[in-house]
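The structure appears right after this line, and notes come after that.
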Amino acid sequence: MSVKEENIPENEGRRDFLKQGTLFTALALTPVSLLKAADQKADEKFAELFEKVSLRIKVNGKAHELFVEPRVTLLDLLREQLALTGTKKGCDHGQCGACTVHIDGTRVNSCLQLAVMNEGKEITTIEGLANEDVLHPMQAAFIKHDGFQCGYCTPGQIMSAVACVREGHAGSKGEIREYMSGNICRCGAYPNIVDAIEEVHKSGVQV
Amino acid sequence: MRDKSLLKEDTDRVDGFDKVTGRAKYFAEYQIPGTTYGVLVPSTITKGKITGIDSKAAERAPGVLAVVSHLNRPVVAGYETGKDQGVPNNMMKIFYTDQISFNGQPIAMVVADTYERAVYAATLVKGTYAKEAFETDFEKNLSKAKAPKNPAQASYLRGTADAYKNAAVQIEASYTLPTETHNPMELHGILANWESADKITVYAKTQGVKATQGTIASTFKLPLTNVQVNSEFVGGGFGMALRTWPLEIAAIIAAKQVNKPVKLVITRDQMFTLAGHRPYAFQKVGLGADKDGQLTGITHEAWGHTATYEDFTENVVSMSKFMYNSANVNTTYKIVPLNVGVPIWMRGPGEATGAFALESAMDEMAHSLDMDPIAFRVKNYTEEDPEKSRPYSSKNLKEAYKMGAEKIGWSKRNNKPGTNKDGNWLVGYGMSTGVFNASRGRASAKGILKSDGTLLLQSAASDIGPGTGTGMVQIAHEVLGIPVSKITFELGDSSFPTAPSQGGSATLSTVGSAVSDVCNALKAKIAEMATQSGLSASAKFVDVLKKNNLPSVEVTMESKGGEEQKKYSMYSFSIHFVQVKVNPLTGVVKVSKIVSVGDSGRIVSPKTARSQMVGGAVGGLGMALTEETVMDHRFGRYVNNNFADYHVPVHADIPEIEVVFVNKPDPYINPMGAKGMGEIALIGFSAAVANAVFNATGKRIRTLPITPDKILA
Ligand code: FES
Ligand code: FES
C-alpha cells in the first residue's frame, strides 16, 4: 500500500483515512454480497484485511492458525487471545523475565517479541511444561525448595531455570545466579530458587 | 519420623501446584466474555488545571468505545455528597475536577475492544493545561513540614527532652532515606464488571477484599452485598495493595460508562506514580550515654513526605520510645506535602525507616564507647516496655543475639574498623535489631467438616505471598489432627466471613486465631454429637457424621483478643547480621553472608516462615544498597521508573541467607503462641548493612542507598 502520511488530512488518524480511502480501492475487488452490509461493521472488515496478518504458530504442541495485528506482542497474544495466562507480564519492557517462554527451545522474553515474528515456530509456556498432572522436575523442585511466595514471577523463573540447566549454565550456585539474573523475584525467593535449580542439575534428570 | 502435632518442616505451600503450573489466576487473568480494555491517559503537568481534553481523534480510532474523563463521566453517587474529598479515606476523587496535583495523575481513560487499540488511542488524547508552580523537592520544602492530625503521631516525651546533650558521651547524626517504590512483580489494576445497574463484581489486586468492598460500596453508594470482590492470588503487594487506588475507581466508572466489563492493567512506569511508594525521609537522632554505656537520652526527630491532596503518616519514631532502656526520650514526626502521588506503607513501613536511623546511631554510639555493638544493646536491654510501663508478652532477644552471632561468626569481627581484609577486599560485620507491633485483631472464619473426611475453611483474608493458606491448614491440623492434605483454606472472596486486610504482620495471629477457635468449636460439636448418638466422645468425625446421617457440620465464629492486650506489650523482634566485602578501589559493596534471627513466638509453618524472612532480607538489601526513586524536580517526574533503572536485587546480588528462629511460643498473644514476621524480616536490615560497611571501611554512610560513589567520596 502506498498511502503517504502527508495525504492524510490533519487530525485524522490513519484508520479514518482507511475507512474512507480504502473503500474505493477495495470496492472494486470485493464481492457484492459483502458490500451489502455497507455499515460500520463492513468497514471494519475491510480495514482488518489491511491491519491483520496471518500467523501459524504452535503453542504447547497445539497448532494455531491466527489472524493478528502485527503490533501484538507474543506475550499479549498468549495472555489476551489464547487465554494462556500462566505467562506473566511484569514490565512489558524485557526487564523482568516474568514473561519468559521457550521459542524453539530457547528462553525468550515474550514481551519483546511481536507475535508475527514467530511464524512457523514452536512456543512452550509454563502450561506446556507439565505432562498433565505430572510435574516437570523443575516444577517439583520449586515446590520442594519453596522457590516462590506470591508466585507471580514463578512461571518465568521456571521456564528460565529449565533453559539454564539445558544450556549447561547450572554448574555452580554462582553460575546459576548469573544466568538467572534476568528473572526478578520481588518476593526475594532467590536462595530457594537457586537451591531448586542446583538440585535438578545435580540429579542429572533430563529436563 | 514425623511428629504429627509439632514439627512440620516439610509442609509444602498449599498453593504450590497452582503456582508452578501457571494455573493460579491473578486478577487480570479471569475470562469474562465481552471484556474491554482500559488505558489511562496521564497528566503531563505536575500542578494546575486541565483546560481541555481533545478526545476526538481517540474516539474515532478503531475499536474505541469511550474516552472517560471528568467532562463526561457518569454520576458517581459517593462523589456528589460531602466535602471536596468526600470519598472514603479522603481518597482523591478521580475524574472529578479539572485539578491536577501530581505528574501522571490520570486525566482520562480510553476504553477499546482490544488492548492494542486502547493503548494506541490513549496516545491520541491531548490534554491542555493551565500550569501552576509545583513542589516536589523534599529537602527544599522541609520548612513547610506540618504535624500530622493523627493523634498517634503526636510528639512524645519521657523524662527530660534532649537529655543526650548533657551526657558524658554523645552522638548526633542525620540520616536520609530516598523514596522507594514497592514494585511487586504483578502490575496493578482491576477487572470490573457491573452485573446490573447497582451490582458489581470485581477481580482485584488487593491485600484486603473486605476493605476494597467497603471502598467501592461507599464510593458508588451501594449496599455491601452488591459489591463482590475476588482476589484469590495476588502477585505481591508489600503494602501497595492496602488501599483501593483511584485508578481502580476509574475502571469501575469506565465500566459503567461503556456498560461492559473493563480490564485495566497499568504499566510499570505508572506503578511509580499511581500505586504509592515509601516516602522520602529525613531523620535526626541524638543519643547520650554514660561512660559505661548506659543510655541516658534518646532524641529522634523525623520528617517524611505526603501528597498535597491526602495525608499519609506512618510510625517512624516508635522504636525509639520502647526498644532501649533510657529514662529520657523525646520524639517528633512531621510530614511535608509535595506534588507527588500519595505514599503508602511499604514493607516494614515507617518502622523500617526509623530503624535505619536508630540502629545506625546505636552502632555509632557503640563505636564512640569502644563497645561491642551487641554488648552495648544488651547493656540497655529492657524486660519491661519503658513507653507503656508494662511487661513484654515475650522477648527472647538475648538468646537471639547469641544465636545470630554464632552463625555469622561475630567473633571474627574486629571492633576497630578497616582492619579486616580478604585479598583486596575489606571485610566488615554489622548487626541491627528490628521490632514491630505483634497484634491480634478481629476476624471470622467458617469451618465445614464433611463426611468424606475433609475440612473446608473460609475467611475473607488475603494472601500476597507469605503463605496464609499454608499456615491456616497447619493450625487446623494441629487442633483437629486431620491430615494437612485433607484441609482446604479458601480466601480472597468478600462473601466469606470477615477478616482484616493483610498488613502489619497480623494475618497469622488474627485469622489463625479464628481458624483455631472454629476448629475447637467443631471438635466440641463433634464430641457432643458423638455422645448424644451413643458413640464415644473421641469418635472420628467421619463416623459421627455418618451415624447422624449428616453430610457435614458447620461452624462460623468471630474471634478476637482480650484483656491480655492491655496487660502486655506485644512485639515481634528480629536481629539481622551481615558480612560485607567492600572494594576500596571501586567502592562496590557485596553482601557476602546474611543471618536473620526471628523472635516471633512459635513458628507455625517453618518452610514458609523461613521464606518470608529470606524475602525480607532481600528487600532490605535493596533498600540498603540499590533502591532509590529519583525525581527530576524540573518536571516533577520520576526518571528511573522502570526495572532497568530502579534497581531491585536480582539473583546475582543475593548470597546464602541463613534464617534462625528462637521458636518459643508467646504465652499470651493468641492460641498458637505465634507472632507475625512479615515486617521484622526487613526492619533494621539496612542498618545492619550500613554498620557492616562502617566496620569494613571506617566510613559511616547515613544516606541510603549505599552506592559506590558514597563509599569513595
Ligand atoms: S514482562 Fe517481559 S521481561 Fe518483564
Ligand atoms: S514469588 Fe513473588 S515475585 Fe517471585
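Annotations for the structure displayed:
- The residue list B:S501, B:G471, B:I487 was ranked by how far each Cα lies along the charge dipole of region B:468-547 toward its positive end, using unit charges on Cβ atoms, and B:I487 comes out on top.
- With distances taken between every two different alpha-carbon atoms, region A:129-207 has a Kirkwood hydrodynamic radius of 12.2 Å.
- Alpha-carbon spread of region A:71-170, three principal axes, descending order, Å: 40, 27, 27
- For peptide B:10-20, the mean count of partner chain Cβ atoms within 10 Å of a residue's Cβ comes to 6.
- Averaged over B:609-616, number of beta-carbon atoms from partner chains that fall within 10 Å: 5
- DSSP-defined antiparallel bridges as percent of all bridges, region B:134-275, nearest 5: 70 percent
- Computed over neighbours whose Cβ is under 13 Å from that of B:T498, the net charge equals +2, Lys and Arg +1, Asp and Glu -1.
- Estimated [θ] at 222 nm from DSSP helical runs (n ≥ 4, -39500 (n - 2.57)) normalised by residues in the protein assembly as shown, nearest 500: -8000 deg cm²/dmol
- The residues neighbouring B:I683, those whose beta-carbon lies less than 13 Å from its own, together hold a net charge of -3 under the Lys/Arg +1, Asp/Glu -1 convention.
- Separation of region B:9-61 and region B:174-218, taken as the distance between their Cα centroids, equals 11 angstrom.
- Cut-off 12 Å (backbone N to label point 7 Å along Cα→Cβ of B:A524), residues of region B:448-490: none
- Selection among A:N118, A:N60, A:H201 by position relative to the dipole of region A:60-206 gives A:H201 as farthest towards the positive end (Cβ unit charges, Cα centre).
- For region A:50-127, the fraction of alpha-carbon pairs in successive 10 Å shells from zero, as %: 21, 59, 19, 0
- Amide H contacts under 5 Å for B:N420, placed H, 5+ residues apart: B:V427
- Calculated Rg and Dmax of region B:442-546 using C-alpha coordinates, Å: 14.2, 47
- Per-selection Kirkwood Rh - chain B (Cα, Å, 1 d.p.): 26.9 Å
- Dipole magnitude of region A:50-127, debye to nearest 20 (Cβ charges: Lys/Arg +1, Asp/Glu -1, about Cα centre): 140 debye
- Our coupling estimate for region B:567-579, obtained by passing each phi through the Karplus curve with A = 6.51, B = -1.76, C = 1.60 and θ = phi - 60°, is 7, 10, 8, 10, 9, 9, 10, 9, 10, 10, 10, 9, 10 Hz, Gly and Pro reported as x.
- q = 0.22, 0.23, 0.26 Å⁻¹, region B:177-238: log10 I(q)/I(0) [Debye, one scatterer per Cα]: -0.86, -0.91, -1.06
- q = 0.14, 0.17 Å⁻¹: log10 I(q)/I(0) that the Debye formula gives for region B:332-490, counting C-alpha atoms only: -1.00, -1.12
- Centre separation in Å (Cα based) which lies between region B:469-524 and region A:171-188: 34 Å
- Calculated FRET efficiency for the pair B:D10/B:S368, C-beta based, R₀ 35 Å, to 0.05: 0.15
- In straight-distance terms, cross-link reach from B:K450 covers every one of the lysines whose alpha-carbon lies under 18 Å from its own, apart from those fewer than eight places away in the same chain; here that gives B:K486, B:K523, B:K525, B:K540, B:K546, B:K547.
- Scattering curve values for the protein assembly as shown, log₁₀ I(q)/I(0), Debye with Cα scatterers, q = 0.05, 0.07 Å⁻¹: -0.30, -0.60
- The Cβ shell under 12 Å around B:A130 holds other residues with a net charge of +1, Lys and Arg each +1, Asp and Glu each -1.
No lab work stands behind these numbers, since they all come straight from the coordinates. For clarity, every value in this text was computed on a predicted model and none was experimentally measured. We place every Cβ from the backbone using ideal geometry, glycine too, and count neighbours over all the protein chains shown.
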